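Working notes, beginning with the structure itself.
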Amino acid sequence: MSRYVSLRLIVSAALVGLAVATLPTLSGFDGKAVAQTVTRGPSGLPLPRFVSLKASRANLRVGPGRSYSVDWMYMKSGLPMEIIQEYGNWRRVRDSEGTEGWINQSLLSGRRTGLVTPWNRDKDTVINLLQEPDEGARVVAVLQPGTLGTISACNGSWCEMRFDGHEGWIGQTQIWGAYPDERITD
């Protein structure tokens with residue numbers, strides 16, 4: 001093998017080794033949960049972000065405009081939605097089941113709401129609403145998966161929420177409507 005070819009192999013192997021060695025830090029993965037990457041949309045607000053439905057009837061369209069067909073209709077105000085893209089007055093949203101589409105911004109509210117473990121809807125599971133943000137605190141209410149509540153505050157680990165007259169704390173990882181480690185103040 002010529003000296004030129006072996007030098008190329010050595011340099012290539014070194015570059016591959018460097019790329020593999022730095023891959024965990026480049027991707028943000030270090031064995032711990034990775035924080036949600038936040039960018040700014042054309043509105044100047046962060047993307048992605050959670051909002052809720054303002055209207056009791058909201059059409060989810062396949063594109064950003066009234067000329068696009070309706071793919072789904074939501075019939076309950078207050079449902080949390082994750083905005084993942086903006087285009088003019090239209091917001092591309094994702095619901096708790098992963099369905100995506102476009103909704104006019106006038107049908108959305110900045111009020112923060114959350115669903116209790118919607119991923120457990122068909123399971124025999126209950127979640128405790130606690131008097132204080134502590135596993136050992138008194139149980140205020142027992143919640144079924146999919147229960148909708150209003151978020152008052154989150155401290156990064158716990159969220160203070162209201163559910164039909166009951167107020168208390170729930171683990172932040174047990175709701176869909178707040179990001180892990182996100183802090184929310186009312």
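Quick notes on this structure:
- Rg over Rh for region 42-186 works out to 1.00, both radii taken from alpha-carbon positions and Rh defined as the Kirkwood radius.
- Carbon/sulfur fraction of accessible area - region 93-174, other protein chains in place, 1.4 Å, %: 41
- Spacing of the modelled spin labels on Gln85 and His166, each 7 Å from Cα toward Cβ, amounts to 3.9 nm.
- Backbone geometry of region 89-101 corresponds, through the Karplus equation with coefficients 6.51, -1.76 and 1.60 at θ = phi - 60°, to 3J(HN,Hα) couplings of 8, 10, 10, 7, 10, 10, 9, 5, 9, x, 5, 10, x Hz, x marking Gly and Pro.
- For region 107-157, the relative contact order works out to 44 percent when only alpha carbon pairs closer than 8 Å and six or more residues apart are counted.
- Using a probe of 1.4 angstrom and keeping all protein chains present, the accessible surface of region 67-152 works out to 54 square angstrom per residue.
- Sorting the segments 57-69, 172-184 by their residues' average number of neighbouring beta-carbon atoms within 10 angstrom, most packed first, yields 172-184, 57-69.
- Label-zone membership for region 163-186, site Glu132, 7 angstrom Cα→C-beta point, backbone N under 19 Å: 167-172
- Label-point separation, Ser43 to Ser157 (7 Å along Cα→Cβ), nm: 3.2
- Under the convention that each Lys and Arg Cβ holds +1 and each Asp and Glu Cβ holds -1, the size of the dipole of region 73-150 around its Cα centre is about 300 debye.
- Region 44-186: relative contact order in percent, alpha carbon pairs under 8 Å with at least 6 residues between: 20
The values are calculated or read from the model by the stated rules, or taken from the named source; none is laboratory data. Just so it is clear, the structure is predicted and the values come from calculations on it, not from any experiment. Note that we place each Cβ from the backbone using ideal geometry, even for glycine, and neighbour counts take in every protein chain shown. The protein model used for the area step is the full one, side chains on, heavy atoms only, and it has no ligands, DNA or RNA in it. Shrake-Rupley method; radii C 1.70, N 1.55, O 1.52, S 1.80 Å.
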